[in-house]
Amino acid sequence: MARRNTDAARVLNEEFQALLSNDRAGLKASMEKIKKAEEDVVALRRALIRELAQVGTLLMNKEDLLRLAFVIEGIVGYINGTAFKISHLRRPVVKLKKYREPLTELLNLLIEEISKQNECVRALSMNPDQAIETAGQIQKIESDIDNKHRELMNEVLKSMNGYRDLIEMKDVIQSIEDASDAALRAADSTTIVALGV
């Protein structure tokens, strides 16, 4: 599940590059890839629930694993929402360096954070201490995203002309922040599972 989130997050960057280069087919393909990733995550979560139901009471932390699965599933929902909002940005606006570079940085940080979340989940079965350490790294990345989110939001509010562009850009920035917060919640849930292993 977490790996599919990482794949979907990487597609956000592809979508943004397609927007910058006015590649409508690329934009559509990116949206479809993210939608497929979301469907895959939902199917994997359902499979996990079935497996946990079969294991029964053998697992002490079954509820924690279920909570983690739902939180991880939520991340891809935020990614899908971000992709939708990116698709509505106007190219002339996002091509401006003062918006393009900070947005690219935010997307790259989000990809890094979600990739770390994937590492964190994978470490659960092999090295729970490593999962806890990686969760700490995720907190730092989320803090960096918070700072860049505020900086870009200030720039947008100060310099953007036109309400439509302002609202759309604000929505994209906030959606990236929301996805980042979801990844941090997943890191916290992963830590709880790691402590119970």
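We did not get these values from a lab; they are worked out from the coordinates using the rules stated. These figures come from a predicted structure and were not determined experimentally. Every residue, glycine among them, receives a Cβ derived from its backbone with ideal geometry; neighbour counts consider all protein chains shown.
Looking only at the stretch 117-163, how many residues end up being without any contact (Cβ under 8 Å) to a residue 40 or more places away in the chain, basic (Lys, Arg) and surrounded by 12 or more Cβ atoms within 10 Å (Cβ to Cβ)?
Number satisfying all stated conditions: 1.
If you go through the stretch 98-116 one residue at a time, how many are of a type in the set (Asp, Glu) and touching a residue at least 40 places away in the same chain (Cβ under 8 Å)?
Result for the stretch 98-116: 2.
What pairs come up if the first residue lies in the stretch 69-95 and is closer than 19 Å to Thr190 by Cα, the second is outside any helix (DSSP H, G or I) and of a type outside the set (S, T, N, Q), and their beta carbons are under 7 Å apart, counting only those six or more places apart or on different chains?
If the second residue must be outside any helix (DSSP H, G or I) and of a type outside the set (S, T, N, Q), the pairs left are Ala69/Met1; Ile72/Met1; Glu73/Met1.
Going by what's in this entry, would Glu177 be described as within 15 Å of Ile75 (Cβ to Cβ) and surrounded by 17 or more Cβ atoms within 10 Å (Cβ to Cβ)?
yes
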